[in-house]
Amino acid sequence: MSLVSIGEFARRSRLSPKALRLYDELGLLVPAEVDAETGYRWYADTQLEQARVVAMLRRIRVPLARIRDMLAVDPATAAEEICAHWLGTEAEHTAQRALIGLVGRLHGKRSAMYEVTVRDMPARSLLSLMRHLDEDEVIPMGRELFIHRLARGGVPRIEGIAGAPFTIFYGEVSGDSDGPVEFCWPVPDDQADEIAARFPDLMLRTEPAHQEAFVRPGDSGMGGGGAEAEIAIEAMFAWASEQHRQPSGGVRSVLVFNSANPGAGPDSEFAVALR
């Protein structure tokens, strides 16, 4: 059995250390070993699947106490419990049918609803802001930075997908978990230093050229919302596993501006960089 630190397990599971400590205290995800002297937690790599199941269930608002009960029973019974919970809600009606596909993860299956595409991304300069945030803080923070400070502040954008602002979720963001989250705005290389000097609280960094896998949630024909996002993200990671491609970094929420209809606001894509 291979053990990893809580920090490494957080990175692999996309759960923050804050969430992992909470789930340990509640008996949802107990570390494989705890150092008797320091109290430091160590996790087995075989616990990753359970961690991801817990994260998905929290995304569809399953209470922590009920998750603990679900994890204590066999997969078929757990699947029935998840169905019962979801069918008892009235939110995101179109996404309900697709969410039942999440139950299939307990049986090693997945839905082919989303088409995963790979694109090449160039090296680029990024203005970025890293924060630990709860779920209610992400959108207001992104709106303040992207719209009020950068867009209305006259910061130029690069044309095309390479210039699309994006947010990287290095860990799960929910009522239990606080990321961290990095907000990124690509800027022209020849103006990067000058622009960065105007925003001393932001970091200027260079992202190397890479490939990334992405999906467009709106192409699924679903109604949208958090449940759809969770399914789209899981589709990307399932695709990466099947194609033997290794994701690098966190999940990206990319804001793609529609030049044909600028008043409609940006479309959203989910992406993950590939090694």
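Values quoted throughout were computed directly from the atomic coordinates according to the rules given, and no laboratory measurement underlies them. These figures come from a predicted structure and were not determined experimentally. Virtual Cβ from ideal backbone geometry, glycine too; neighbours counted across all protein chains shown.
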_Using a Förster radius of 22 Å, what is the FRET efficiency between ARG68 and LEU48 based on their Cβ-Cβ separation? Nearest 0.05, please._
0.75
*asked:* Along each principal axis of its Cα atoms, how long is the stretch 3-91 end to end? Whole angstroms, biggest number first, please.
replied: 46, 24, 19
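So if the hydrodynamic radius of the stretch 117-274 is defined as the Kirkwood radius over C-alpha pairs, what does Stokes-Einstein give as its diffusion coefficient at 20 °C and 1.002 mPa s, in µm² per second?
In µm²/s, the coefficient is 131.
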